[in-house]
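Comments concern the structure below.
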């Protein structure tokens, strides 16, 4: 089921993994233990496709995981050491996001979300924001997101760290191994503590129905849609930046159009409205701010720990980027349309001719006129 041969990894002059061999069969539970800094998380990251080894090979269900990461990722589930959840989204929305990435839709996805929540002891917390859960509940949600798609191989990196009471709750969904756990030899692992599980739930069904429903480009569209839906939910949970970027241009239009028209009239354009210069400039400003928001969103994904989970999923980099950008693009289109509409309305219906004439006469009058008055 999972085979790793001669895995080597170094960071600069520091050798972390030196010729690790590992073989896991279906139904086995492998526990790799060791001190801090022994290479536990590095090995998990390589097996899950988050890191590239300096040398060696990884086979997942007969697939070369280093060359065909997306094909191998459909067989894997990973709960990294660092907590990876969306704190502003509810438990249901967190689970639904990764259900969509696995190809689950409609009633199947909703049923699976309910089942996983029940397995992890979170049925009453489905509508609560993940950031308001206790540490143990967040860790269980973190693990539940890894088992949604019924992976054939599950990686649990420090699944109960900081929450000893969660240990029993995390063990509950899994079947006991049919054979005794295999012991890691000194060569097969230089002291690792994380759990690498190849396991089966008693109630698991075949994953063939997932792969048969959506394939190829349809699956990519489904994954991009799932990420875009999550991005939209994140946008709704924290709308402050979008509201500011919508209201601020409208205020600037009302302030800048009169002065822009006055300058154009003085330059020899009596029919100018002022919107010719103000509105396009504000639209470009909104576009640059949208790019900044997209960049900030990716940094927030890193801070939440969800970026590694997205990378470990079957979604390609293009699927992730499209899903993240499309929502911001649609919001930008709506903001640009509002700016142009407001600019047209201000230049057409706001009676500012007297103000513009007074500004023109004031700027054209000689300096001594103010002294004589």
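With the condition kept exactly as written, say whether any residue in region 79-86 is out of contact with any helix residue (DSSP H, G or I) (no Cβ under 6 Å at 6 or more places or on another chain) and more than 18 Å from residue 150 (Cα to Cα). Yes, because at least one residue in region 79-86 is out of contact with any helix residue (DSSP H, G or I) (no Cβ under 6 Å at 6 or more places or on another chain) and more than 18 Å from residue 150 (Cα to Cα). For residue 319, the criteria (1) modelled with pLDDT under 85; (2) within 30 Å of residue 75 (Cα to Cα); (3) crowded, with 19+ Cβ neighbours inside 10 Å hold in every case but one, which is (1). Of everything listed in (1) closer than 30 Å to residue 237 by Cα; (2) out of contact with any strand residue (DSSP E or B) (no Cβ under 7 Å at 6 or more places or on another chain), the single unmet condition for residue 70 is (1). Yes or no: residue 45 more than 29 Å from residue 236 (Cβ to Cβ) and surrounded by fewer than 18 Cβ atoms within 10 Å (Cβ to Cβ)? Considered against the rule, which asks whether it is more than 29 Å from residue 236 (Cβ to Cβ) and surrounded by fewer than 18 Cβ atoms within 10 Å (Cβ to Cβ), residue 45 comes out as no.
Being in the same structural domain as residue 76 (by TED's automatic domain parsing) and crowded, with 20+ Cβ neighbours inside 10 Å: is that true of residue 130 here? Considered against the rule, which asks whether it is in the same structural domain as residue 76 (by TED's automatic domain parsing) and crowded, with 20+ Cβ neighbours inside 10 Å, residue 130 comes out as yes.
Listed by first and then second residue, the pairs with beta-carbon distance under 7 Å, at least 6 apart or on different chains, first residue in region 51-68 and in contact (Cβ under 8 Å) with a residue 60 or more places away in the chain, second buried (at least 17 other Cβ atoms within 10 Å of the Cβ) and not in a loop (DSSP other than H, G, I, E, B), are 60/2; 60/72; 60/76; 60/153. Would you call residue 282 in the same structural domain as residue 324 (by TED's automatic domain parsing), crowded, with 20+ Cβ neighbours inside 10 Å and either in a helix (DSSP H, G or I) or without any contact (Cβ under 8 Å) to a residue 12 or more places away in the chain (or both)? Spelling it out, residue 282 is indeed in the same structural domain as residue 324 (by TED's automatic domain parsing), crowded, with 20+ Cβ neighbours inside 10 Å and either in a helix (DSSP H, G or I) or without any contact (Cβ under 8 Å) to a residue 12 or more places away in the chain (or both).
The values are calculated or read from the model by the stated rules, or taken from the named source; none is laboratory data. Predicted model only: the values in this text are computed from it and were never measured. In this analysis, Cβ positions are derived from the backbone assuming ideal geometry, glycine residues included, and neighbour counts consider all displayed protein chains.
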